[in-house]
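Structure first, then comments.
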Amino acid sequence: MGTLGSQATVEMAQPPNLASAANFVIFGLFAEPRLEFIFTVPLGIGDMSFAPCAMFPIYFPLLFTYTNNFGPGTCPQFLSSTPTPWSSPPGPALGFPLTMALQGVIEESPGVYVPTNMVIYEVK
């Protein structure tokens, strides 16, 4: 949780089962996900807590791409990234309440892509 006027960073760690740097994408939702938001990502990747913007770009900016180094996406990304390990610069100090959920897809081992844990960031 953040407080009004504070800054935050987002980090993506190196997967322990991958010797080389991993590619990843972090998706966002300007809301707190509910059970009905659960979305199964195709290609056997698994379930996410909300649908990625890449699947439903018509809902941008409610659904958005935070950062993506897999390649071109269907929604604009807020930050560029490099493969893991990666850290965002400090975000802007917000002066208004906000709830945002972030969840990524990362290469966990060679050729295996999995969803990350979801993080809910609240500014109060």
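A compact table of results
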item: Protection proxy ranking, peptides 107-118, 51-62, average beta carbon neighbours within 10 Å, highest first; result: 51-62, 107-118
item: Fully extended contour minus Cα-Cα distance, from Ala21 to Met55, at 0.36 nm per residue; result: 9.7 nm
item: Nearest-20 debye value, the chain charge dipole, Cβ charges on Lys, Arg, Asp, Glu; result: 200
item: Antiparallel bridges, percent of DSSP beta bridges restricted to region 11-123 (to nearest 5); result: 95
item: Counting all C-alpha pairs of the chain, share separated by more than 24 Å (%); result: 25
item: Sites Thr40 and Tyr121, calculated FRET efficiency, Cβ-Cβ separation with R0 25 Å, nearest 0.05; result: 0.55
item: Whole-Hz couplings from phi, Karplus 6.51/-1.76/1.60, listed for region 11-18; x for Gly and Pro; result: 10, 10, 7, 6, x, x, 8, 10
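No value in this document is a laboratory result; all are computed from the given coordinates. Keep in mind that what you see is a predicted model, and the values were worked out from it rather than measured. Ideal geometry is used to build each Cβ from the backbone, glycine not excepted, and the neighbour counts take in all protein chains shown.
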